[in-house]
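Read through the structure below, which is laid out as structure tokens, and then see the notes.
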Amino acid sequence: MNIAFRNAEISDRDFIVEGIIEAEMSGSYILPYTTLFGLGKSETKSLILAVMDEEIEGQEWYLPNFNILEADGQPVACLSAWTEGATGLGSGVLKAQAMAWILGEKWTQAGSKLEILKSMQLPRVQLALQLECIYTKTEFRGLGLASKLIEHCIEGALNAEKKPGEAEIQLLGNNEAALRSYTKCGFLLRDKVTSTQPEILTLLAHHTRVSLTKPL
């Protein structure tokens, strides 16, 4: 199998959206955009594409942030990489503003659920390289491709003019296979939060979120 790395292109959008949705579900059947806003997969895809179309730098759904790993000429893995806070605002704020604008009344109606989600928030490391939306097609899992893509993105960051001091990954605590994989890549536990809100498991696949970091 021949692998190659490249930056995402417009033609990759459907594959990237597939990856975002799978990453958000974290190995479960719970899609947060369904539990929060009543959106099906098709509507969630439209939401993600609408945010991409806004071309907002500094958050994970910005198309130029995405890196693609190809195997024998086809995209099989992707991730989003950006420097947190480099544009002056946090990635969570930027994405939330865009979603609120696009969803309108649905966002307002989800206010109480969004408050519950705050119990799961972890602050991101400012000016750290963020690695999110990490996804590998099912039939290509177990081959270490996500790890190779992570290493490729870190190498690119180290060669950048403004080198970040560390890399960070955030994920839900139920994703044990990913946790093992990231640990093998040299990431260590930085922080963890467990929600005591009883409703959290109706919204997300797990009640714990963890932050892993790696010095660069």
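Where a number appears in this text, it was derived from the coordinates with a stated rule and is not lab data. Just so we're clear, the structure is a prediction, and the values are computed from it rather than from any experiment. No Cβ is skipped: glycine too gets one built from the backbone with ideal geometry, and neighbour counts run over all protein chains shown.
Worth a mention:
- Residue among 208, 136 that alone is in contact with a helix residue (DSSP H, G or I) (Cβ under 6 Å, 6 or more places away or on another chain) and β-branched (Val, Ile, Thr): 136
- Check on residue 195, surrounded by 14 or more Cβ atoms within 10 Å (Cβ to Cβ), within 23 Å of residue 61 (Cα to Cα) and not acidic (Asp, Glu): no
- Hits in segment 1-16 - residues which are farther than 16 Å from residue 131 by Cα and either part of a helix (DSSP H, G or I) or hydroxyl-bearing (Ser, Thr, Tyr) (or both): 10, 11, 12, 13, 14, 15
- Within segment 149-173, being outside any helix (DSSP H, G or I) and without any contact (Cβ under 8 Å) to a residue 40 or more places away in the chain holds for 159, 160, 161, 173.
- Residue count, segment 161-192 (criterion: surrounded by 15 or more Cβ atoms within 10 Å (Cβ to Cβ), under 17 Å from the mean Cα position of the chain (by Cα) and not acidic (Asp, Glu)): 13
- Yes/no for residue 105 being under 20 Å from residue 23 (Cβ atoms), surrounded by fewer than 17 Cβ atoms within 10 Å (Cβ to Cβ), over 18 Å from the mean Cα position of the chain (by Cα) and among the charged types (D, E, K, R): no
- Within segment 6-21, residues that are of a type in the set (Lys, Arg) reach partners that are assigned to a helix (DSSP H, G or I) with beta carbons closer than 8 Å, at six or more positions or on different chains, in the pairs 13/49; 13/52; 13/63.
- Filtered residues of segment 40-50 (kept if without any contact (Cβ under 8 Å) to a residue 12 or more places away in the chain and either more than 19 Å from residue 99 (Cα to Cα) or not polar (S, T, N, Q) (or both)): 40, 43
- Contact map, segment 100-123: residues that are within 24 Å of residue 50 (Cα to Cα) paired with residues that are aromatic (Phe, Trp, Tyr) and buried (at least 16 other Cβ atoms within 10 Å of the Cβ), Cβ distance under 7 Å, separation 6+ or inter-chain. Pairs shown: 100/107; 103/37; 106/37; 110/37.
- Whether a residue is basic (Lys, Arg), surrounded by fewer than 18 Cβ atoms within 10 Å (Cβ to Cβ) and in contact with a helix residue (DSSP H, G or I) (Cβ under 8 Å, 6 or more places away or on another chain) was assessed, and residue 41 passes this test.
- Selection over segment 51-97 of residues that are over 24 Å from residue 4 (Cβ atoms), in contact with a Ser or Thr (Cβ under 9 Å, 6 or more places away or on another chain) and among the acidic types (Asp, Glu) gives a count of 2.
- Segment 174-192, residues that are within 19 Å of residue 60 (Cβ to Cβ) and touching a residue at least 40 places away in the same chain (Cβ under 8 Å): 175, 178, 190, 191
- When residues of segment 33-92 are limited to those that are among the charged types (D, E, K, R) and not in a helix (DSSP H, G or I), the one farthest from residue 117 (Cα to Cα): 72
- Some residue of segment 122-133 being of a type in the set (Val, Ile, Thr) and within 29 Å of residue 162 (Cβ to Cβ): yes
- Here residue 146 passes the criteria (1) surrounded by fewer than 17 Cβ atoms within 10 Å (Cβ to Cβ); (2) not in a loop (DSSP other than H, G, I, E, B) except the one numbered (1).
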